[in-house]
């Protein structure tokens, strides 16, 4: 997998910037809640071209600051202290190595907060990759993934990127062959939706089913790289009904996305972000334009799969 380069060690840079992508769940099968409070998951992750950039520099104490990159990002719920997952990721990495270091972390956030696209997980993954390079820690892939799994179910995938099969709580990630370029129209929402509230509604509504396994036909669609009408066959999200129970307006928005030409519509993770499937880039832009005409003002076009957290600049 080679999350980090195994090249000849480089001198310590003064700062490192790492880019990490948003994720969507092409498929999200959710089982009944376990005694430990978690739900068993079967999921197909895909990393898409919406990013957070994380820059780290060595410092005497830990700090984090965040700036919004776009109107889809509301920072009001983002902690600026040690509750921020980026600092927790940095501390977990240095604890693993038994070193006493700290860093200033700057996040340029393009992934919406509480939008079901794992922006916090992206920040955690980016922080670990950035600090590993900043301090030449040479953390192994297996160790990075193990640390990531302690931080959150989506953090390992933010390291891996591409398209992957997730099991367990979603933290056990296996890359899958994906020969397509998939285009999505992303419809952001002004109000976030907490993952905990959606899972609570899922349990209350008794939406769990016994069979959450991914049909082999879905893997075949990815291998063949089939876009268009096959997207309706590929996508599934068992949290959708629970999210729509909490937010009836999301169901109306989903219907509007279909009316504007999307071949399928998908709730991103636990929501509230919605995704419309498009055949190609031109089709995606056309759908986005139709949505804009209907008053949707927080819309963008992305594609996937893209790479996981990776260094884009150091100095």
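Please treat every number below as a calculation from the coordinates, not as lab data. Predicted, not measured: the structure shown is a model, and the values here were computed from it. Glycine also receives a Cβ, built like all others from the backbone with ideal geometry; neighbour counts cover every protein chain displayed.
Give me Rg/Rg_expected for the stretch 147-217, where Rg uses Cα atoms only and Rg_expected = 2.2 N^0.38 Å with N residues.
On the way: Rg = 15.1 Å, N = 71, 2.2 N^0.38 = 11.1 Å.
Relative to the 2.2 N^0.38 Å estimate, the stretch 147-217 comes out at 1.35.
Hey, can you rank 164-177, 270-283 by average C-beta count inside 10 Å, highest first?
Numbers: 164-177: 18.9, 270-283: 22.9.
Packing order, densest peptide first, comes out as 270-283, 164-177.
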Q: Neighbouring Cβ atoms within 10 Å as the yardstick, rank 107, 147 fewest first.
A: 147, 107
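Before anything else, pin down the relative contact order of the stretch 15-176: Cα pairs under 8 Å, at least 6 apart, normalised by residue count, whole percent. Don't skip to the end; give the middle numbers.
On the way: 364 pairs, mean separation 48.1, N = 162.
In percent, rounded to a whole number, it is 30.
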**Q.** Gain in span if fully extended, residue 297 to residue 91, counting 0.36 nm per residue against the direct Cα distance
**A.** 70.3 nm
**Q.** Packing-based order for 39-45, 257-263, using average beta carbon neighbours within 10 Å, highest first
**A.** 39-45, 257-263
**Q.** Degrees separating the helix 248-259 axis from the principal Cα axis of the chain, which is the longest one
**A.** 70 degrees
Q: Measure of size requested: the Rg and Dmax of the stretch 182-304, with Cα atoms as the atom set and Å as the unit; please supply both.
A: 14.7, 42
Q.
Quick check: the angle from helix 281-293's long axis to the longest principal axis of the chain, C-alpha only, nearest 10 degrees?
A. 70 degrees
Q: Please work out, to two decimal places, the log10 of the ratio I(q)/I(0) at q = 0.14 Å⁻¹ from a Debye calculation in which every Cα of the stretch 15-176 carries one identical scatterer.
A: -0.67
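Return a whole-number percent for the relative contact order of the chain, with Cα pairs under 8 Å and 6 or more residues apart as the contact set.
Numbers: 748 pairs, mean separation 84.9, N = 315.
With pairs under 8 Å counted, the relative contact order is 27 percent.
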Q) Taking the Cα atoms of the stretch 17-77 alone, what are Rg (to one decimal) and Dmax (as a whole number) in Å? A) 16.8, 45
**Q.** the chain: projected area of the alpha-carbon convex hull, averaged over directions, in nm²
**A.** 15.8 nm²
Q.
For a test of the definition: using alpha carbon positions, the gyration tensor, and the 1.5 limit on a/c, classify the stretch 214-265 as rounded, prolate or oblate.
A. oblate
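Tell me, what is a quarter of the convex hull surface for the C-alpha atoms of the stretch 56-116, in nm² with one decimal? Working shown, then result.
Numbers: hull surface 17.9 nm².
Its Cα hull, projected and averaged over all orientations, spans 4.5 nm².
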Q. With each run of n ≥ 4 DSSP H residues scored as -39500 (n - 2.57), what mean residue ellipticity at 222 nm is computed for the chain after dividing by its residue count and rounding to the nearest 500 deg cm²/dmol?
A. -9500 deg cm²/dmol
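Sort 212-221, 181-190 by the packing proxy (mean of other Cβ within 10 Å over each peptide's residues), most packed first. Mind dumping the intermediate values first?
Details: 212-221: 14.8, 181-190: 22.3.
Packing proxy ranking, top to bottom: 181-190, 212-221.
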